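Below is one structure, written out as structure tokens; comments come after it.
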Amino acid sequence: MNQDNEGDLQSQIEEVEALSSIYGDEWCVIDEASRIFCIKISDDMEEPKLTACLQIILPPDYPSDAPPIYQINASWLRGPERAKLSNSLEDLYAEHAGESILYMWVEKIREFLIEKSKDSGTVNQPDKVNLTAEDLDEDADNLPDFSGLKLNDSLHHFLDHPHEDEETPPIKHGVCITDRRSTFQPHLAQVVTPRQVKMVLEKLYENKKVASATHNIYAYRIFCEDKQSFLQDCEDDGETAAGGRLLHLLQILDVRNVLVVVSRWYGGILLGPDRFKHINNCARNILVEEGYTASTEESAKSGGKSKRPKTKKMK
């Protein structure tokens, strides 16, 4: 495998982890080695729902140089309607060539289902798709008292000290996920400046419980209106590649002006790749709870045609 394909494979892994967190039981791994996946998509209307199954094969050079290979399975989807939907997916790929596209595809299909339901009423569907996913144990008890976090060195270079009269943004704390004695908990704050990122992290790390966590992984995205670009960064805190995966989730959800921190207390048993799933699930859960995904869903359902702002990373 050449270096380009290695980069594509890493992008695929991060995208699949994010989609698994976003869609839960609707997302299914058919053959991980062959990069075959499927997702059940519904119209979000009242029962009975109109549904379709999108089956995807990710070629080695996706997303850099090739689109996903796909098939839409729906007994009611025929002729001109199938062509119209396929064309809309291909238009999205052409508009965002070289980018991770699956989230936009799924939401474009969902928009199509909603329009179909409104235009002609829900049709009867004989086939069902059985999807399975591991259930996560969630522990809402004994949430620690939170107030502050190790800072990425780039923040120290970039930031001045906060003004004395500037208040730390409110910090929200999500539900714990516990697996094999390891516990994960997300924290979230709305931030609009790098200075606020620093303030929130310092406030969080003032708490001894958070300070004692084995890892405190974080990522943030701040939208700069004047430059139409994002200021974003992430921190692994010893959990290799976890920060990048968390930032990738924020990018796919297209959330803005938010800092998400996931604390992990290691329980003595190695979790392997499951730890990344728990980190992303924690982050996604608190983003949903605090309403950060609503605007993303509305944007996707309106067609996903808005031009994506440029991004830049703090140095």
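The values are calculated or read from the model by the stated rules, or taken from the named source; none is laboratory data. Here the structure is a predicted model, which means the values were calculated and not measured. Note that each Cβ is placed from the backbone with ideal geometry, even for glycine, and that neighbours are counted across all protein chains shown. Surface areas here come from the heavy atoms of the whole protein model, side chains and all, with no ligands, DNA or RNA. Shrake-Rupley method; radii C 1.70, N 1.55, O 1.52, S 1.80 Å.
Couple of notes before you dig in:
- Complete set of residues in the stretch 177-201 that are over 21 Å from the mean Cα position of the chain (by Cα), open to solvent by 10 Å² or more (accessible area, probe 1.4 Å) and farther than 19 Å from residue 257 by Cβ: 180, 181
- Pairs, first under 19 Å from residue 221 (Cα atoms) in the stretch 258-269, second of a type in the set (A, V, I, L, M) and assigned to a loop (DSSP other than H, G, I, E, B), C-beta under 7 Å, six or more apart: 258/191; 259/191; 261/149; 263/213
- Test: residue in the stretch 54-71 that is open to solvent by less than 20 Å² (accessible area, probe 1.4 Å), in a helix (DSSP H, G or I) and either touching a helix residue (DSSP H, G or I) at 6+ places or on another chain (Cβ under 6 Å) or at pLDDT 75 or above (or both): no
- One residue stands out in the stretch 242-267 among those that are more than 21 Å from residue 107 (Cα to Cα) and in a loop (DSSP other than H, G, I, E, B): the one that is most open to solvent (accessible area, probe 1.4 Å), namely 266.
- Pick from the stretch 202-241, criterion more than 19 Å from residue 290 (Cα to Cα) and assigned to a helix (DSSP H, G or I), ranking: farthest from the chain's Cα centre (by Cα): 208
- Options 148, 238: the member that is farther than 30 Å from residue 74 by Cβ and modelled with pLDDT under 65: 148
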